[in-house]
Each structure stands twice: as structure tokens, then as C-alpha cells.
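The structure under discussion appears below in the form of C-alpha cells.
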Amino acid sequence: MFMKYCKNQSAPLFAMGQIYITPGAMNVLNTAEVNNFLYRHCHGDWGLVCAEDAEENWFSLQNGYRLMSVYTTYDEVIVWVITEDDRSITTVLLPEEY
């Protein structure tokens, strides 16, 4: 789905607001991974979410609800990126920090 929506697209699909990274995520991510995940998230590449959750994200994007992406690091650590419904805050976190 990333290539379908993001190829040749430089503008993000939505504003991410303030970016927060939890302590656990900071311990496992490097700057390049954070930047990559944030770029993918705001360009509609929701990562490892199931098809139903991806569809929910597209619906949420159009209707002002929360957006969630799931990615893995090079070390296979699961990372979530969540943008709140009002687009004021995006948080990068580990699932156990939710």
C-alpha cells in the first residue's frame, strides 16, 4: 500500500503535531529509524497493521479519528506510531508503553 499512495508524493497526508518519543522507544531506535517511521506514517504507509486496520486508518484519515502504524526495527522490535484524532500529537512508543 505504501507504493500505491506514497510513490512520487512528497507532501504528507496529515499534520503530525508535536512529536513525542517514549523512553522505551528512545532506547531501541536510532534517529534514522525514527525519521523513517514518521515519514512512512504521515505518508500513509501504515506498516504491519492488518488489512482491516489499514482500512480503518484510511477511514480515520478522512473523518478525523486517531491513526496508528506498526513497524519493526532492524532488530525486530515492534514500534507503534500513533497520531491523535485532533492531529496535535504523534507518539512513537513500544506496545508495552501504551
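The values are calculated or read from the model by the stated rules, or taken from the named source; none is laboratory data. Owing to the predicted nature of the structure, the values given are computational and were not obtained by experimental measurement. Virtual Cβ from ideal backbone geometry, glycine too; neighbours counted across all protein chains shown.
To keep it simple, each residue is scored yes or no on (1) among the acidic types (D, E); (2) assigned to a strand (DSSP E or B); (3) on the phi < 0 side of the Ramachandran plot; (4) in contact with a strand residue (DSSP E or B) (Cβ under 9 Å, 6 or more places away or on another chain).
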| site | (1), (2), (3), (4) |
| --- | --- |
| I19 | no, yes, yes, yes |
| N27 | no, no, yes, no |
| N35 | no, no, yes, no |
| L38 | no, no, yes, yes |
| S69 | no, yes, yes, yes |
| I82 | no, yes, yes, yes |
| R87 | no, no, no, yes |
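Which one of D53, D75 is closer than 21 Å to Y98 by Cα, modelled with pLDDT under 95 and outside any strand (DSSP E or B)? Talk me through it step by step, then tell me what you get.
Values: D53 fails: modelled with pLDDT under 95.
Every option except D75 fails the conditions.
Condition check ((1) more than 12 Å from the chain's Cα centre (by Cα); (2) surrounded by fewer than 19 Cβ atoms within 10 Å (Cβ to Cβ); (3) under 24 Å from A11 (Cβ atoms)) across all residues:
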| residue | (1), (2), (3) |
| --- | --- |
| L29 | yes, no, no |
| G47 | no, no, yes |
| C50 | yes, yes, no |
| W58 | yes, yes, yes |
| Y65 | yes, yes, yes |
| Y74 | yes, yes, no |
| D85 | yes, yes, yes |
| E96 | yes, yes, no |
### the stretch 1-17 - residue that is in a helix (DSSP H, G or I) and out of contact with any helix residue (DSSP H, G or I) (no Cβ under 7 Å at 6 or more places or on another chain) and, of those, modelled with the lowest pLDDT
M3
